[in-house]
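See below for the structure under consideration.
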Amino acid sequence: MGFDLLVIMKRPTPVLSFLLCANLLLSALPGFAEEFHATLTDTSTNTWVEDFSVDGGVGKNGDVAWSVRKYTLRGGKQAGVDVVEVNNGKLRFTVVPTRGMNVHELHCGDIRLGWDSPVTELVNPLFINPADRGGLGWLDGFNEWMTRCGYEFAGHPGEDDEKMLSLHGKASNLPASKVEVFLKNNRIHVRGRVEEKMFKFVNLEMVTDISTEIGSTLVRFDDTLTNRGSSPQEFEIIYHANYGEPLLEKGSRFIAPVKSVTPFDERAVEELEDYQVYYGPTKDYGETVYCMELNSGAKGRTTVMLHNAAASQGVAMSYNVDSLPFFTLWKNTDVGEKGYVTGLEPGSGFPYNRSVERERGRVKTIAPGKAKHFHVEVEVLPDGAAVKKAAAVISAIQGGKKTVVNDEPEQ
């Protein structure tokens, strides 16, 4: 038995606020929550639910409280932005369908995955001009933990094929055309469809399924990028995961099974020997960027980790190297409005302009009607034992293989 919740608003309709509440009972299967399904947005049927709420409990005594909430922000540059809050009883996070299904922040106890940006609102894409400041307008909305870059192009702004490309593409500023929330097999899902379409140029569809098992410390991204056009389509994707305090501090470390590491530019050469170690907030630091290829385990997956100075808390990311063969480490340990943040960024390529990436053979294509699949898992490491366990996994992937350190940027 399950719930199927659906509300449709059709014009002309007065401004209404729909609140859907389901107090879920335990199912006959012990330890599992009652399944439900709700469509919150569907442009094909003019469906839009302003407010949604569902709560439940798991276990013999219903001792793991979980919930899903959807509401719409008002005022300022966040006006009209839809958010979906998920609480699995152990961790909670906020999905932003209006901003490409990005995830704003994730909390687990006293650990936050996210950072302090001078951009404090969840900015509606209507207020963002990607072409601003020579193609850097994307930064007007940059404050989220998990931001996808792409999909037609990603990376630095600049000209490619006589066309001006803006920073990191359009993905983060494309509102989802369909949003569903549901619970199946004790896992809460927020699924969204984001369409990047332009007459004569691109016809890409991204379906992302962001899910978490009730009571776990892990969130999973299962993404499918499909070429809906009739010609082969170039694509780029970078999972721009950003971390500040408390995991980022003086002495924090980045750990990964690194096959090779190359400084992005001459600035990064200066700190190549310390690329795995972080400084405290440093005035006028700017940024350093390192381009890596990582080793993978028997199933083609790899794991990277960021942990605090005491190795008492951290975060681990795991993903398939065949679909995301390149990794970028972005260190921006500046102060105040300049941002104290680091990015752990698996991707189909590096964040050079697409013209550079194509020249170096890193821009891939999707055949007509075909799809590419990406699977990324992020796990909060709440204590020293969890950090130690993740380090052992990474060490096993590395094995006895040496890291190639290139002391100059790509030529």
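The values are calculated or read from the model by the stated rules, or taken from the named source; none is laboratory data. Just so you know, these numbers come straight off a predicted model, no measurement behind them. When we count neighbours, we look across all protein chains shown, and the Cβ atoms used for this are built from the backbone with ideal geometry, even at glycine.
I'd like the full set of residues that are of a type outside the set (A, V, I, L, M), in a strand (DSSP E or B) and over 22 Å from Gly300 (Cβ atoms), limited to the stretch 354-381.
none
Would you mind finding the one in Glu359, Glu337 that is farther than 19 Å from Glu271 by Cβ, modelled with pLDDT under 95 and charged (D, E, K, R)?
Testing whether each residue is farther than 19 Å from Glu271 by Cβ, modelled with pLDDT under 95 and charged (D, E, K, R) leaves just Glu337.
If you take the residues of the stretch 199-235 that are among the basic types (Lys, Arg) and part of a loop (DSSP other than H, G, I, E, B), which of them is surrounded by the fewest Cβ atoms within 10 Å (Cβ to Cβ)?
By that ranking, first place goes to Lys200.
Inside the stretch 120-138, can you point out the residues that are within 16 Å of His168 (Cβ to Cβ) and either surrounded by fewer than 16 Cβ atoms within 10 Å (Cβ to Cβ) or in contact (Cβ under 8 Å) with a residue 60 or more places away in the chain (or both)?
If the condition is that a residue be within 16 Å of His168 (Cβ to Cβ) and either surrounded by fewer than 16 Cβ atoms within 10 Å (Cβ to Cβ) or in contact (Cβ under 8 Å) with a residue 60 or more places away in the chain (or both), then Asn129, Ala131, Asp132, Arg133, Gly134 are the ones that fit.
Which residue pairs have Cβ atoms closer than 9 Å, lie 6 or more positions apart in sequence or on different chains, and pair a first residue in the stretch 146-172 that is at pLDDT below 95 with a second residue that is of a type outside the set (Phe, Trp, Tyr)?
Asp161/Arg354; Asp161/Ser355; Asp161/Arg358
For the stretch 302-324, give me each residue that is under 24 Å from Arg362 (Cβ atoms), surrounded by 17 or more Cβ atoms within 10 Å (Cβ to Cβ) and not hydroxyl-bearing (Ser, Thr, Tyr).
Within the stretch 302-324, Val304, Met317, Asn320, Val321, Leu324 meet the criteria.
Yes/no matrix, rows are residues, columns are (1) among the hydroxyl-bearing types (Ser, Thr, Tyr); (2) crowded, with 18+ Cβ neighbours inside 10 Å:
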site	(1), (2)
Lys338	no, no
Pro346	no, yes
Lys370	no, no
Glu377	no, no
Ala385	no, no
Thr403	yes, no
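Only one of Thr303, Thr262, Thr282 is closer than 22 Å to Leu113 by Cβ and not basic (Lys, Arg); which?
Exactly one residue qualifies, and that residue is Thr303.
Being within 20 Å of the chain's Cα centre (by Cα) and farther than 28 Å from Leu324 by Cβ is the requirement here; does Asn88 meet it?
Answer is no for this residue.
Could you say whether any residue in the stretch 141-152 is basic (Lys, Arg) and within 17 Å of the chain's Cα centre (by Cα)?
Within the stretch 141-152, one or more residues are basic (Lys, Arg) and within 17 Å of the chain's Cα centre (by Cα).
Lys250 passes all but one of (1) under 30 Å from Asp110 (Cα atoms); (2) crowded, with 16+ Cβ neighbours inside 10 Å; which number fails?
(2)
Hey, could you check the stretch 158-206 for residues that are small (Gly, Ala, Ser) and touching a Pro at 6+ places or on another chain (Cβ under 9 Å) and say which is nearest to Asn87 (Cα to Cα)?
Here the answer is Gly192.
For the stretch 141-188, give me the residue count where each residue is surrounded by fewer than 18 Cβ atoms within 10 Å (Cβ to Cβ) and within 20 Å of Tyr243 (Cα to Cα).
Summing the residues that are surrounded by fewer than 18 Cβ atoms within 10 Å (Cβ to Cβ) and within 20 Å of Tyr243 (Cα to Cα) in the stretch 141-188 gives 0.
Give me the pairs: first residue in the stretch 54-67 and assigned to a strand (DSSP E or B) and surrounded by 14 or more Cβ atoms within 10 Å (Cβ to Cβ), second residue aromatic (Phe, Trp, Tyr) and modelled with pLDDT of 65 or more, beta-carbon distance under 7 Å, and six or more apart or on different chains, which are they?
Pairs found: Val54/Phe36; Gly56/Trp66; Val58/Trp66.
Report those strands (runs of 3 or more DSSP E) wholly inside the stretch 236-353 carrying at least 1 residues which are over 21 Å from Val405 (Cα atoms) and free of Cβ contacts under 8 Å to residues at least 24 places away in the same chain.
301-307
In the stretch 79-106, what residues are in a loop (DSSP other than H, G, I, E, B), buried (at least 20 other Cβ atoms within 10 Å of the Cβ) and free of Cβ contacts under 8 Å to residues at least 60 places away in the same chain?
If the condition is that a residue be in a loop (DSSP other than H, G, I, E, B), buried (at least 20 other Cβ atoms within 10 Å of the Cβ) and free of Cβ contacts under 8 Å to residues at least 60 places away in the same chain, then Val81 is the only one that fits.
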